[in-house]
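Below is one structure; the comments refer to it alone.
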Amino acid sequence: MCHLYWWHTKRALALFSGRLRGWKGSVPSESNSSLLVMDRQQVIAKIQSILKLQNGTSFEGEADVAAKMIDKLCKQYGVTITEATETQVLDESFASFKRINVALSTLANAIATFYDAKAYLKNGDTKSLQIIGSEAQQIQVRLYYDYLVQVMEKEAEVAHQAEKIMSDLTGKSVSRSFKINFRKAFADKVAERLREMKLAENRVHDDADAVKNKLSQMRFGRAKKMNGANGAGAYAGAGVGGSVSLNRQASGSVAKQLCGV
C-alpha cells in the first residue's frame with residue numbers, strides 16, 4: 001500500500017514538473033530582497049497556474065502535491081492565497097516618444113477607457129505612455145490600438161495622395177501638416193464613437209473593479225490640453241474616423257471572452 005502511494009506521489013510530481021516547466025521565473029534566495037520584489041509578479045503567476053491545475057485535476061495525489069507547492073511558494077515569497085487569486089493589475093509601458101504624438105495618445109486613451117483600463121503619460125527624458133490594466137485589458141488595448149493605427153496610417157496616405165492630385169488640378173499646394181491633421185481628426189472621431197458605443201452597450205469589464213482599486217492608490221497630475229486638427233486634413237480624417245469599423249476587435253465571442261465583457 002505504501003509502495004503504491006509512493007508511486008502515485010512520484011507520478012504527481014513528475015506531472016507537475018512537466019506542466020510547469022515552461023515557467024521562466026527565477027528562484028531567488030530569501031536573502032536577496034531586491035530580486036524577491038522584482039519576481040513577485042512571476043511568483044503570483046506561477047501560483048495561479050498551479051491553482052488552475054489543482055482545480056482541473058481529478059487525481060487526488062496530484063491535487064495534494066499542488067497544495068503543498070502552493071503552500072511552499074506562499075511561505076517562501078510572503079504571498080497570501082488571497083493575493084494570488086486576485087486579478088493582477090499591471091502598469092506597463094505602452095509606447096515611448098520624445099514629443100507627444102497627439103493622435104496616438106488620443107487613440108490609446110480612448111481604447112483604454114473603452115475597456116475600463118487607464119492610460120496616462122509618464123514624463124522623463126523620454127515620454128512614456130503607460131497603460132494600467134489586467135493582462136486581458138493590456139492585450140485587448142494593444143490589439144485594438146494596432147488595428148486602428150494601421151487603418152489610420154493607410155487611409156492618411158490614400159487621402160494625401162488624393163489631395164496631391166487635386167492640388168495639381170487646381171494649382172494649389174498641399175499643406176505640410178495634412179497628414180498630422182488627418183491623424184488628429186481621425187483619432188478624435190474614433191474616440192467619440194468609442195465613448196458612445198460603451199455607453200450604448202453598457203460595457204463594463206470584468207476587471208474594472210480591480211483597476212479602480214489600483215487607481216485609488218495612485219495620484220495623477222492634470223492632463224495638458226492638446227491642439228486640435230484643422231484644414232483639409234482634418235476634414236478627411238474625421239470622415240474616415242466616422243466610417244471605420246469599430247467591431248473588428250470589440251465584438252465576437254472570442255473578443256468578449258478575452259476582454260471579460
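I'm trying to understand the selection: among the residues of segment 144-179, which are in contact with a helix residue (DSSP H, G or I) (Cβ under 7 Å, 6 or more places away or on another chain) and either among the hydroxyl-bearing types (Ser, Thr, Tyr) or over 15 Å from Gly242 (Cα atoms) (or both)?
Step one: of segment 144-179, the residues in contact with a helix residue (DSSP H, G or I) (Cβ under 7 Å, 6 or more places away or on another chain) are 144-145, 147-149, 152, 155-156, 159-160, 163, 173-175, 177-179.
Within segment 144-179, Tyr144, Tyr145, Tyr147, His160, Glu163, Ser173, Val174, Ser175, Ser177, Phe178, Lys179 qualify.
Tell me which residues, restricted to segment 55-65, are at pLDDT below 75, closer than 22 Å to Thr80 by Cβ and surrounded by 13 or more Cβ atoms within 10 Å (Cβ to Cβ).
Residue satisfying the conditions is Ala63 alone.
Scan segment 39-54 and report the pairs whose first residue is under 14 Å from Thr87 (Cβ atoms) and whose second residue is modelled with pLDDT of 70 or more and aromatic (Phe, Trp, Tyr), with Cβ atoms within less than 9 Å and a gap of 6+ or a chain change.
Ile44/Tyr77; Ile47/Tyr77
Return yes when Glu155 is surrounded by 13 or more Cβ atoms within 10 Å (Cβ to Cβ) and either within 30 Å of Glu135 (Cβ to Cβ) or at pLDDT 80 or above (or both) and no when it is not. So that I can check it myself, show each step before the final result.
Details: surrounded by 13 or more Cβ atoms within 10 Å (Cβ to Cβ): yes; either within 30 Å of Glu135 (Cβ to Cβ) or at pLDDT 80 or above (or both): yes.
For Glu155, the condition - surrounded by 13 or more Cβ atoms within 10 Å (Cβ to Cβ) and either within 30 Å of Glu135 (Cβ to Cβ) or at pLDDT 80 or above (or both) - is met.
How many residues are among the acidic types (Asp, Glu) and within 11 Å of the chain's Cα centre (by Cα) if we restrict to segment 100-149? Write out each step before concluding.
Start the filter on segment 100-149 by keeping residues that are among the acidic types (Asp, Glu), which leaves 116, 125, 135, 146.
Keeping just the survivors that are within 11 Å of the chain's Cα centre (by Cα) gives 116, 135.
Going through segment 100-149 one residue at a time, the tally reaches 2.
Does at least one position in segment 109-126 carry a residue that is touching an Asp or Glu at 6+ places or on another chain (Cβ under 7 Å), over 24 Å from Ala45 (Cβ atoms) and either surrounded by fewer than 20 Cβ atoms within 10 Å (Cβ to Cβ) or in the same structural domain as Asn247 (by TED's automatic domain parsing) (or both)?
no
The values are calculated or read from the model by the stated rules, or taken from the named source; none is laboratory data. Treat the numbers as computed from the prediction; the structure is a model and nothing was measured. Glycine gets a Cβ as well: all are built from the backbone with ideal geometry, and neighbour counts include every protein chain shown.
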